[in-house]
Amino acid sequence: MLIGLTGPMGAGKSTVLGMLHDLGAITVSADEIVHQALDDPEVIGEIVRLFGSKVLDEKGRVDRKALAAEIFSSHEKRRALEELLHPLVYRRIRQIHQKSPGRIVVAEIPLLIETSGQDQVDLILVVSCSPEISRARLLGRGMGPEEIDRRFACQLPPEEKERIADYLIENSGDEKRLREQVERFWDLVTKGEIRGRGRKGRL
């Protein structure tokens, strides 16, 4: 089974991914795949073609902050980068899934729904929380208010992701409550009570 893990920024997706890994899932992060891809000479060449050499540092590597500034300033530029990187992300996730027969693979894909990846996974697990808590967490990571607003504007509203979810984990409480929900989800999956898309629930 391939589970797509998504949700708004600051909801705690990576924390949930780590908990599922500890419980026995094979886990993969789309962000990590992207970071690896940005070191590929062919990908770097395409990025320079799209955005110019201003997104490279003095060593010719992709300056991620400069690239982020470019894509969050323009919908067209953001779409161009997504069209370059997301096929690589989904291809790598499929490879991992295909090499893990009989195992549960959980892929954290922040833009799963925005990039129309619903049909690439067996289940969509959404981690959500209140906007106030999400913003507070992001501010605590050192992001500024304007940067947070720009990034939120590039994603579907949380309630839209919740509507599309097959399963929802709510992370506005403490870690103990979050862990209980994750363990409950894992219990359902491993017992075969979750077999595919279509059964909605809040855990």
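The values are calculated or read from the model by the stated rules, or taken from the named source; none is laboratory data. Being a predicted model, the structure only gives us computed values, none of them experimental. Please note: Cβ atoms are built from the backbone with ideal geometry, for glycine as well, and neighbour counts cover all protein chains shown.
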Screening 89, 127 for residues that are more than 17 Å from residue 16 (Cα to Cα) and of a type in the set (Val, Ile, Thr) leaves only 89
When residue 131 is run through (1) under 13 Å from the mean Cα position of the chain (by Cα); (2) under 20 Å from residue 15 (Cα atoms); (3) at pLDDT below 90, the failure sits at (1)
If you go through 37, 25, 30, the only one that is farther than 30 Å from residue 190 by Cα and touching a residue at least 40 places away in the same chain (Cβ under 8 Å) is 37
Filtering the stretch 158-173 down to residues that are in contact (Cβ under 8 Å) with a residue 24 or more places away in the chain, out of contact with any Phe, Trp or Tyr (no Cβ under 8 Å at 6 or more places or on another chain) and not small (Gly, Ala, Ser) yields 158, 160, 161, 162, 164, 166, 168, 170, 171
Those strands (runs of 3 or more DSSP E) completely within the stretch 20-135 that have 1 or more residues that are among the polar types (S, T, N, Q) and either surrounded by fewer than 18 Cβ atoms within 10 Å (Cβ to Cβ) or in contact with a strand residue (DSSP E or B) (Cβ under 9 Å, 6 or more places away or on another chain) (or both) are 26-29, 123-128
(1) modelled with pLDDT under 95; (2) closer than 28 Å to residue 73 by Cβ all hold for residue 198 apart from (2)
When the stretch 109-125 is checked residue by residue, the ones that are more than 19 Å from residue 11 (Cα to Cα) and of a type in the set (Asp, Glu) are 119, 122
Those residues of the stretch 4-17 which are on the phi < 0 side of the Ramachandran plot and either out of contact with any Ser or Thr (no Cβ under 8 Å at 6 or more places or on another chain) or buried (at least 16 other Cβ atoms within 10 Å of the Cβ) (or both) amount to 4, 5, 6, 8, 9, 11, 13, 15, 16, 17
Going through (1) within 21 Å of the chain's Cα centre (by Cα); (2) touching a residue at least 12 places away in the same chain (Cβ under 8 Å) one by one, residue 54 fails only at (1)
Flagged in the stretch 163-196 as touching a strand residue (DSSP E or B) at 6+ places or on another chain (Cβ under 6 Å) and over 15 Å from residue 10 (Cβ atoms), in numbering order, are 165, 166, 167, 168, 181
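Residue-by-condition table, conditions (1) under 17 Å from the mean Cα position of the chain (by Cα); (2) under 19 Å from residue 28 (Cα atoms); (3) in a loop (DSSP other than H, G, I, E, B):
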| residue | (1), (2), (3) |
| --- | --- |
| 146 | no, no, no |
| 155 | yes, no, yes |
| 172 | no, no, yes |
| 194 | no, no, yes |
Checked pairs for the stretch 174-200, first under 18 Å from residue 4 (Cβ atoms), second in a helix (DSSP H, G or I) and modelled with pLDDT under 90, C-beta under 9 Å and 6 or more apart or across chains, list as 197/118
